[in-house]
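Inspection log for the structure reproduced underneath, given as structure tokens.
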Amino acid sequence: MSKLNPQNLRKNIKNIRVLRIAMVVVLLTSMSFSGVTLAKYSEAGSGNSGTARVAKWNVDMTKVDAGEGFFSVDSIGPEASGSQTINFDNTGQVSGNTEVLYKNKFSDCELTYTGGDNTTLDAVLQDCITATYTVYNADDDEVDSNDEAPCSLAELPDALNGVKVPMNGSIVLYWDWADETEESQEIANAYASANSTGVSITMTMKYNAEQVD
């Protein structure tokens, strides 16, 4: 067996160290090189999200069928009564031309009168004449009413303000000058005696169509 040469041994150890250092350097270099060359995957594309048109709105409130009017008689007095049906069916629509659901809302309703003793007339409207309203939907189902708690004719405008009638629905208004009590009759007689002519009572109702929320 040949003897180990100390010089060769030291040389071999030195070469091994150099090789290890070289391997480390190569490894570090490779990691750094890999870090800058990799990229994220990506893909581009485009598409059409669709188009839409504005829905048709064609409601003509001048075509509302208001019947003969709230006071359909020439004169009113004790034991008189009357009614009015306001029909909003197919208002302003031609073959379904309106494509937005809407409701008819009352606003700015008022009762005015001219001539005669206004103080006495106030008492008649407040104490003698009662009024009710009933709202129906397009299927003639009752959806709102004050039948269980009728108001006076003087209070009807405020009661109507804000009332909503469904699309293609209707509302029936009813008033009744009942002759039920002696006090009511005395008020009516006193007013009729003092103001037999020249008195006019007008019920004004305003309504507008607005889109359902």
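Where a number appears in this text, it was derived from the coordinates with a stated rule and is not lab data. Because the structure is a prediction, the values reported are computed rather than measured. Ideal geometry is used to build each Cβ from the backbone, glycine not excepted, and the neighbour counts take in all protein chains shown.
Summary table
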quantity: Inter-label distance for Glu110 and Glu79, nm, one decimal - labels placed 7 Å from Cα along Cα-to-Cβ; calculated: 3.6
quantity: Relative packing of peptides 168-174, 137-143, 78-84, 50-56 - highest average C-beta neighbours within 10 Å first; calculated: 168-174, 78-84, 137-143, 50-56
